[in-house]
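The values are calculated or read from the model by the stated rules, or taken from the named source; none is laboratory data. All figures in this text were calculated on a predicted structure; none of them were measured in a lab. Cβ atoms come from the backbone with ideal geometry, glycine included; neighbour counts cover every protein chain shown.
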Ligand SMILES: [Zn+2]
């Protein structure tokens, strides 16, 4: 049992379960059982506020835990506990996703990380990995649901999709059905990918672990969305918290990720860690990740078996979009070319040498997020008989069952074009110049900032009139 003791007067605590529960006051001290709960807020007022102010500390304390008590999770763990100890081990998947990081931006900002990952851990850097659209949602949805932005019916869905996302066919559900333990850690609640700009998010738990309730309460307490900051001659809303749990938010998320991977290192996992702050808004700020990433991987390597059993992907969703640099020719090019590095565990390479060779070769090919989706589907098909320890011939449905994309484990031809890869022509980096003056790019960007993503449809309409294949 995990317990915490407090010796602060006039305090109370709330459990955070999607929202705050009622405050349960206590005096002098309390022993709080958080063994079954993920997040806890301790709030001290009255005398303690004065004392806390004197100490220049917050009256709030946040705590988190990775409990095993959630029923669907218990079912998964029971499944793995009942397997013979000599059973083959399915491969886990770990996404480390930095919003708005292009390949050149990643190479500039993360030199120690890139060097360590390539030279020490054998990561492969993809040189032709291409975005499918401008904002996050136009890239993340293809990655997780296999539809491109020109998919029939897309216009009724994101980014103007106002319904809940619960029933969407994200591929993490496929892995969850294989009893993979799942985790989604994103450092923004108000600006969360599926809540930003009026999107309705989810009503049901999507993953076994999810940090959004934790960030939501902290952001509400900080009232962060009321603040604006001046950047590049513009006032913009403050996007996210700088600090949580007395740490930089990027360190917090990395620690949370490490604890998750360490705790569940003996069972298969599918997990996504997504950083938006400060990298999404400040071009030079991505360098804050460099040393922490190296330390994270060193610790994973020396203290856990995670890297023996996990495919790790470090990537961006698209390039940086919020600075004057992003409007230069180089900046425009970068916006289309996300950072993408991937590592296969040695035993996977031994078991599937042809797939590993194809993956290495495809690092020199034109590839996209829907290829990554097909790679995940490929992996799911491969792991299904491993999980159930017998040949099974399911007919699983992956995402929208669109045939876009090609698994990175298969041969992708060098002559592949943007059209072949379903990359919209106006984003195609093979076209140069990338944007015609008629497209009025600057106006488009201004509309994006001022009016939000709802302007995108209009911009796409304009784009249809832009000359193609220049
Ligand atoms: Zn993004």
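Take residue 116 and tell me if it is modelled with pLDDT of 95 or more and out of contact with any strand residue (DSSP E or B) (no Cβ under 7 Å at 6 or more places or on another chain).
Values: modelled with pLDDT of 95 or more: yes; out of contact with any strand residue (DSSP E or B) (no Cβ under 7 Å at 6 or more places or on another chain): yes.
Considered against the rule, which asks whether it is modelled with pLDDT of 95 or more and out of contact with any strand residue (DSSP E or B) (no Cβ under 7 Å at 6 or more places or on another chain), residue 116 comes out as yes.
If you go through the stretch 283-312 one residue at a time, how many are buried (at least 19 other Cβ atoms within 10 Å of the Cβ) and within 16 Å of the ligand (Cβ to nearest atom)?
Qualifying residue count for the region: 3.
Just the residues that are surrounded by fewer than 14 Cβ atoms within 10 Å (Cβ to Cβ) and over 19 Å from residue 306 (Cα atoms), please, taken from the stretch 338-359.
Listed by number, the residues that qualify are 353, 354, 357.
Under 9 Å by Cβ, and 6 or more places apart or on different chains, what pairs join a residue from the stretch 100-113 that is closer than 15 Å to residue 293 by Cα with one that is modelled with pLDDT under 95 and away from the ligand (no atom under 16 Å from the Cβ)?
Every condition considered, the pairs that remain are 108/287; 109/284; 109/287; 109/288; 110/287; 111/287.
Under the condition of being over 17 Å from residue 361 (Cα atoms) and within 22 Å of the chain's Cα centre (by Cα), which residue from the stretch 395-421 is surrounded by the fewest Cβ atoms within 10 Å (Cβ to Cβ)?
Top of the filtered list is 398.
Quick check on the stretch 341-360. Is at least one of its residues touching a helix residue (DSSP H, G or I) at 6+ places or on another chain (Cβ under 9 Å), in a loop (DSSP other than H, G, I, E, B) and closer than 17 Å to residue 133 by Cβ?
No, the stretch 341-360 has no match at all.
Which condition does residue 267 not pass, out of (1) at pLDDT 95 or above; (2) buried (at least 23 other Cβ atoms within 10 Å of the Cβ); (3) part of a loop (DSSP other than H, G, I, E, B), if it passes all the others?
Result: residue 267 passes all but (2).
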